[in-house]
Amino acid sequence: MENTQKNAGVRRRSNTKVRYMTQVGMLSAVATVLMLFEFPLPFVPDFYKIDISEIPVLLGTFAMGPLAGVMTECIKILLNFVINGTTTGGIGELANFLIGCSFCVPAGLIYKRMHTRKGALTGLVTGTVIMVLIGCLLNAFVLLPTYAAAFGIPLDTLVQMGHALNPAINGVTTFVILAVGPFNLIKGLLVSIILLLIYKKVSPILHGASH
């Protein structure tokens, strides 16, 4: 009897792991497809492109926790890299991963504590704010300098690309404040609005998947 119960427990844990990995894989595949539908914004250089691939990432985060969100984000980036390659020397992919995680992890942690629509809204707002801040810092101190070095171009050339779109941009600081910050803010708001619009339909699935 004891062995039977133990074996049943092992099977349940095994099934849970399989279901977990299957859900992460499916969400990653959907996110990879959504990455194909990207578009530029008129106030940032065209190597910044916006997409809504964070929606499946956030669904996974809300359903299974922040770790699942990070895994989905990572697999999404790797799949896109394998399928489509890169036009930014991997810098864009690194930026997408780090900034995406800065969005989904805080949102997921808050939703885990507040498993309600209000919790989802609070998490998304908080995640958006953190993504904007982290995005600005990463671009200013890591991503833009790395991008410039990787392609052998002066950092000022990137700034001038921003200046051509917005004359108020005259340095790295104004570049991240007037271009990168609004870019990530729009992305966060767009993803959050769509997610909240479909919340009622996916909520039963999310709550069921978390148990």
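No lab work stands behind these numbers, since they all come straight from the coordinates. Please read all numbers here as calculations on a predicted model, not as lab measurements. Please note: Cβ atoms are built from the backbone with ideal geometry, for glycine as well, and neighbour counts cover all protein chains shown.
Descriptive notes on the structure:
- Note on M114 and F141: the extension gain reaches 6.3 nm, defined as 0.36 nm multiplied by sequence separation minus the Cα-Cα distance.
- Once C-alpha pairs closer than 8 Å and six or more residues apart are averaged by separation and normalised to the residue number of segment 2-209, the relative contact order reads 21 percent.
- CD proxy at 222 nm, helix term only [per DSSP H run n ≥ 4: -39500 (n - 2.57); per residue of the chain; nearest 500]: -25000 deg cm²/dmol
- Between D46 and T173, the simple spin-label model (points 7 angstrom out along Cα→Cβ) gives 3.1 nm.
- All lysines inside 26 Å of K187 as judged from Cα atoms, apart from same-chain residues fewer than 8 positions distant: K49, K76, K112, K118, K200, K201
- Counting only whole DSSP H helices of the chain, the ones at least 18 Å long by C-alpha along their axis and with mean Kyte-Doolittle hydropathy no lower than 1.6 are 181-197.
- Hull shadow area, averaged, the chain [alpha-carbon convex hull, nm²]: 13.2
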